[in-house]
Amino acid sequence: MEDCLAKKMEITVSEAEKRTGRNAMNIQETYTAYLIETRAVESQSEGQCAPVESLWRRYSEFELLRNYLSVTYPHIVVPPLPEKRADFVWHKLSADNMDPDFVERRRIGLENFLLRVASHPVLCQDKIFYAFLMQEGGWKEMVNETGFQLKADSRLKALNATFRVKNPDKRFTELKHYSDELQSVISHLLRVRARVADRLYGVYKVHGNYGRVFSEWSAIEKEMGDGLQSAGHHMDVYAASIDDILEEEEHYADQLKEYLFYAEALRAVCRKHELMQYDLEMAAQDLTSKKQQCEELATGTVRTFSLKGMTSKLFGQETPEQREAKIKILEEQIQEGEEQLKSKNLEGRDFVRSAWADIERFKEQKNHDLKEALISYAVMQISMCKKGIQVWTNAKECFSKM
């Protein structure tokens, strides 16, 4: 962790800008660009003012970077991007992906994504990631030259492997259940939070109504006018603070959403392992089949029914020379198959070891982050309740002076 990029460089997504341009199909579109700023830490520690490097990136470029990382490092739980369009939105807030508040939250989320990658012991060393931060022109060409798209496994192939693996690794099966449970629990938390926000909004609006009633009442009361007006003022101030509170709540909701999306990153690691296990089982099955064919040709006995065996019986046996040639080919294929199987076994063991180390790192990170977020959310709720008590204490004093 001492060598990670986050220790050597300050990375911020400092600004979001709405732009209009033309896409690949030459159709005019409106999009948001984000300003990435980087500054070397070393020169600052030496007392020098390090220059700030900056460049603009679109959300689609962040997506391309993450897709590249996911394919290139299949054993790693790659940090997720913030949502492209608002989901689990409290209904009083805009779900428009061009809404300034949503764009600001997404800016924070994109910065968090870059910091997550820069802090990762493996991902931070990737040259493409470094180019994403530092090289404005030609970056996409660099990514495409890696040919990562050719390495990407199709969804159909992954689905096929899921249902056809005969000996799935119990640890990865449990990890899939863990990711499903994580997604389910956080989805439930987000829905509950949206309902709480709705009730909270109602409580604050009631205080706003009290404020208006007290203010109007003060206009027709001579002796109680000042007290009613002061009480109404306290209610109005309290009611007006709801917007800032709900915006802060959205920040906590975004922290939960990050781990909602992390669940899919965990499943991606499981899918890759299933594909590797499926390839391994197919290679083992093919090797067993070739060994059996070789044995049958060498002994002249057929253990299992086959079309070739029936053909031989109907149209005559092969000559010794033909049989020897076939045995030789099969022996070469068996030797090659054994090498492939050995290689796939080693690759599988390396994948499991690397993946499990990263999964443990992720779980530790998740426990720390969610604990902090939930404690901060509870502290915010306590602070909010204390303010409500203070408002009514102040209002009570106003009423007592009447």
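The values are calculated or read from the model by the stated rules, or taken from the named source; none is laboratory data. In this text the structure is predicted, and so the values were computed from the model without any measurement. Neighbour counts run over all protein chains shown; Cβ positions are idealised from the backbone, glycine included. The protein model used for the area step is the full one, side chains on, heavy atoms only, and it has no ligands, DNA or RNA in it. Shrake-Rupley method; radii C 1.70, N 1.55, O 1.52, S 1.80 Å.
Figures for the structure shown
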read-out	value
Residue among ALA263, ALA219 that alone is crowded, with 17+ Cβ neighbours inside 10 Å and farther than 20 Å from MET380 by Cα	ALA263
Evaluation of TYR130 against (1) open to solvent by 20 Å² or more (accessible area, probe 1.4 Å); (2) part of a helix (DSSP H, G or I); (3) at pLDDT 90 or above; (4) within 28 Å of HIS251 (Cβ to Cβ) (one fails), failing number	(4)
Evaluation of ALA265 against (1) under 23 Å from TYR68 (Cβ atoms); (2) at pLDDT below 90; (3) small (Gly, Ala, Ser) (one fails), failing number	(2)
Filtered residue count, region 188-241, keeping only those that are aliphatic (A, V, I, L, M) and not in a helix (DSSP H, G or I)	3
Criterion: farther than 30 Å from ARG271 by Cβ and among the small types (Gly, Ala, Ser) - qualifying residue of GLY337, GLY388, GLY348	GLY388
Matching entry among LEU330, LEU370, LEU346 (being within 22 Å of the chain's Cα centre (by Cα) and either surrounded by 12 or more Cβ atoms within 10 Å (Cβ to Cβ) or among the aliphatic types (A, V, I, L, M) (or both))	LEU370
Among (1) open to solvent by less than 50 Å² (accessible area, probe 1.4 Å); (2) among the β-branched types (Val, Ile, Thr); (3) at pLDDT below 85, the one test that THR20 misses	(1)
Residue in region 314-323 that is in a helix (DSSP H, G or I), at pLDDT below 80 and either small (Gly, Ala, Ser) or open to solvent by less than 60 Å² (accessible area, probe 1.4 Å) (or both) present	no
Within region 375-402, tally of residues that are of a type in the set (A, V, I, L, M), in contact (Cβ under 8 Å) with a residue 24 or more places away in the chain and open to solvent by 50 Å² or more (accessible area, probe 1.4 Å)	1
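One line per residue, one yes/no per condition, for (1) closer than 30 Å to MET282 by Cβ; (2) among the hydrophobic types (A, V, I, L, M, F, W, C):
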{"site": "GLN149", "(1), (2)": "yes, no"}
{"site": "ALA152", "(1), (2)": "yes, yes"}
{"site": "LEU190", "(1), (2)": "no, yes"}
{"site": "ARG193", "(1), (2)": "no, no"}
{"site": "ARG212", "(1), (2)": "no, no"}
{"site": "TRP217", "(1), (2)": "no, yes"}
{"site": "MET224", "(1), (2)": "no, yes"}
{"site": "ASP236", "(1), (2)": "no, no"}
